[in-house]
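Chemist: Would you mind keeping the following structure in view while I ask a few things?
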Amino acid sequence: MPKSAARNALISLEPDVLDVLMPMHLTLDPEGRILKLGPTLQKMGATKAMVGKGFLDVFEMVRPRRIVGVEDLWSALGEALHLRLRSGEKTNFRAVALPVASDDAIVLVNMSFGIHVGDAVASHDLTVEDFAATDLAVEMLYLMEAKSAAMGEARRLIGRLDDAKKHAEVQSVTDTLTGLPNRRALEKYLERAGPGQFGCGVMLIDLDFFKNVNDTYGHAVGDEVLFHAAQRIRAETRGQDFVARVGGDEFLVIVGDVSDPESVRATADRIIASVSQTIRSGGVECAVGVSIGVSMWIAGHARSFAEIQEAADVALYEAKRLGRRQVAFDRGVATTVPQR
């Protein structure tokens, strides 16, 4: 063993005292072989088989780079060492080595994780008890735990805010009574979807005799009738069709990708037949129906949706005039679709 200046700092401590003060220590024999491990190093899986092995066979010397053998290590007693496990988790360490006073043939190496303590704790399942009470790593562990708790709570809060935002967005485009899209949803739908490849049919639907239900049985029953009528309208359309409540007792249906008015009429006839069936609500039977005005929005034609909707509204009044529970087409397509 070289007689270096580091021997001016010789120490003499009993093994059990070392385990308390330096739970991450180890001792080396004159050949640089590991004799004993502190309790924290013993706990780490990759270090359990260290005893009896060469220190530099277990640890890779990161700095100083000049240390490649045992004699180099002895010449660096008292210097800061930067090490890394050669196997397993490749854990990083900082260390300092000094001779032991009671036997200067033995070298004590005290180790720590330095700034890598977080990674080491996670990799080796360590706790506060695995560190000396005076080790700053303990404070770092508390800070990491507090940060983890704060980040977890922040993530939960962000999740709740995101859920609330999504709920609010859905609510803003949903009719609360019927669950159908509302006028705002219609505007958004029109922003992203035109008439489609072939065109579409636009139906304006108005409940017949609905005022009588409200006047006779009250608004609670009227709301139930509206809800059931909306479900029946939705049930008679296809999944790709757009169905919205756009007024008190008025609905709008866009039958997508159709150019044949007769296929739109078939949908309208099914809706009329379905809604005309008696609706039971609040212990009473309510008889309502629907009148439907239809216009065709043809792909490539110049008419805007607003013009198509206005034409369907005119046709709706014609259906009312014809006696209700009718479907009428606007005059732009009436020459190809006979009124009934």
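Chemist: Of everything in region 179-192 that's without any contact (Cβ under 8 Å) to a residue 60 or more places away in the chain and open to solvent by less than 100 Å² (accessible area, probe 1.4 Å), which residue is nearest to residue 169 (Cα to Cα)?
Modeler: 185
Chemist: Given the criteria under 20 Å from residue 315 (Cβ atoms), out of contact with any Ser or Thr (no Cβ under 9 Å at 6 or more places or on another chain), small (Gly, Ala, Ser) and part of a helix (DSSP H, G or I), does residue 266 qualify?
Modeler: Working: under 20 Å from residue 315 (Cβ atoms): yes; out of contact with any Ser or Thr (no Cβ under 9 Å at 6 or more places or on another chain): yes; small (Gly, Ala, Ser): yes; part of a helix (DSSP H, G or I): yes.
Spelling it out, residue 266 is indeed under 20 Å from residue 315 (Cβ atoms), out of contact with any Ser or Thr (no Cβ under 9 Å at 6 or more places or on another chain), small (Gly, Ala, Ser) and part of a helix (DSSP H, G or I).
Chemist: Moving to a separate point now. Exactly one condition in (1) farther than 30 Å from residue 54 by Cβ; (2) touching a residue at least 24 places away in the same chain (Cβ under 8 Å); (3) small (Gly, Ala, Ser) is false for residue 164; which is it?
Modeler: (2)
Chemist: Still on this model: Those residues that are of a type outside the set (A, V, I, L, M, F, W, C), closer than 17 Å to residue 269 by Cβ and free of Cβ contacts under 8 Å to residues at least 60 places away in the same chain, I need them from region 285-324; list them, please.
Modeler: Residues satisfying the conditions are 318, 323.
Chemist: Ok, one more. Pick out the one residue from 299, 306 that is out of contact with any strand residue (DSSP E or B) (no Cβ under 9 Å at 6 or more places or on another chain), aliphatic (A, V, I, L, M) and under 24 Å from residue 185 (Cα atoms).
Modeler: Numbers: 299 fails: out of contact with any strand residue (DSSP E or B) (no Cβ under 9 Å at 6 or more places or on another chain).
Unique residue meeting the criteria: 306.
Chemist: Moving on to the next point. Just name the residue that is farthest from residue 33 (Cα to Cα) out of those in region 59-99 that are among the β-branched types (Val, Ile, Thr) and open to solvent by 20 Å² or more (accessible area, probe 1.4 Å).
Modeler: 62
Chemist: Just one of the numbered conditions (1) in contact (Cβ under 8 Å) with a residue 60 or more places away in the chain; (2) open to solvent by less than 40 Å² (accessible area, probe 1.4 Å) is not true of residue 217; which one?
Modeler: (2)
Chemist: What number of residues within region 115-124 are touching a residue at least 24 places away in the same chain (Cβ under 8 Å) and more than 10 Å from residue 91 (Cα to Cα)?
Modeler: Total satisfying the criteria: 1.
Chemist: Okay, next question. Would you call residue 273 more than 17 Å from residue 243 (Cα to Cα) and either assigned to a helix (DSSP H, G or I) or at pLDDT below 95 (or both)?
Modeler: Considered against the rule, which asks whether it is more than 17 Å from residue 243 (Cα to Cα) and either assigned to a helix (DSSP H, G or I) or at pLDDT below 95 (or both), residue 273 comes out as yes.
Chemist: Can you confirm whether residue 35 is open to solvent by 50 Å² or more (accessible area, probe 1.4 Å), in contact with a strand residue (DSSP E or B) (Cβ under 6 Å, 6 or more places away or on another chain), of a type outside the set (Phe, Trp, Tyr) and closer than 25 Å to residue 133 by Cα?
Modeler: yes
Chemist: Considering every residue within region 311-326, establish whether at least one is in contact with a Cys (Cβ under 6 Å, 6 or more places away or on another chain) and either buried (at least 17 other Cβ atoms within 10 Å of the Cβ) or in a strand (DSSP E or B) (or both).
Modeler: Checked region 311-326: no residue is in contact with a Cys (Cβ under 6 Å, 6 or more places away or on another chain) and either buried (at least 17 other Cβ atoms within 10 Å of the Cβ) or in a strand (DSSP E or B) (or both).
Chemist: Under 6 Å between Cβ atoms, at least 6 apart or on separate chains: pull out the pairs that start in region 70-85 with a residue that is on the phi > 0 side of the Ramachandran plot and end on any residue that is outside any loop (DSSP other than H, G, I, E, B) and open to solvent by less than 50 Å² (accessible area, probe 1.4 Å).
Modeler: Filtered contacts from region 70-85: 78/6.
Chemist: Going through 229, 146, 220 one at a time, which residue ends up being within 30 Å of residue 128 (Cβ to Cβ) and part of a helix (DSSP H, G or I)?
Modeler: Exactly one of 229, 146, 220 is within 30 Å of residue 128 (Cβ to Cβ) and part of a helix (DSSP H, G or I), namely 146.
Chemist: Which residue out of 270, 303, 280 is open to solvent by 50 Å² or more (accessible area, probe 1.4 Å), under 13 Å from residue 327 (Cβ atoms) and within 44 Å of the chain's Cα centre (by Cα)?
Modeler: 270
Chemist: For region 193-214, which residues satisfy the criterion of being in contact (Cβ under 8 Å) with a residue 60 or more places away in the chain, open to solvent by 10 Å² or more (accessible area, probe 1.4 Å) and over 24 Å from residue 173 (Cα atoms)?
Modeler: Residues satisfying the conditions are 197, 198, 209, 210.
The values are calculated or read from the model by the stated rules, or taken from the named source; none is laboratory data. Computed from a prediction, not measured in an experiment: that's the story for all the values here. FYI the Cβ positions are ideal-geometry reconstructions off the backbone, even for glycines, and counts take in every protein chain you see. Only protein heavy atoms, including side chains, enter the accessible area calculation; ligands, DNA and RNA are left aside. Shrake-Rupley method; radii C 1.70, N 1.55, O 1.52, S 1.80 Å.
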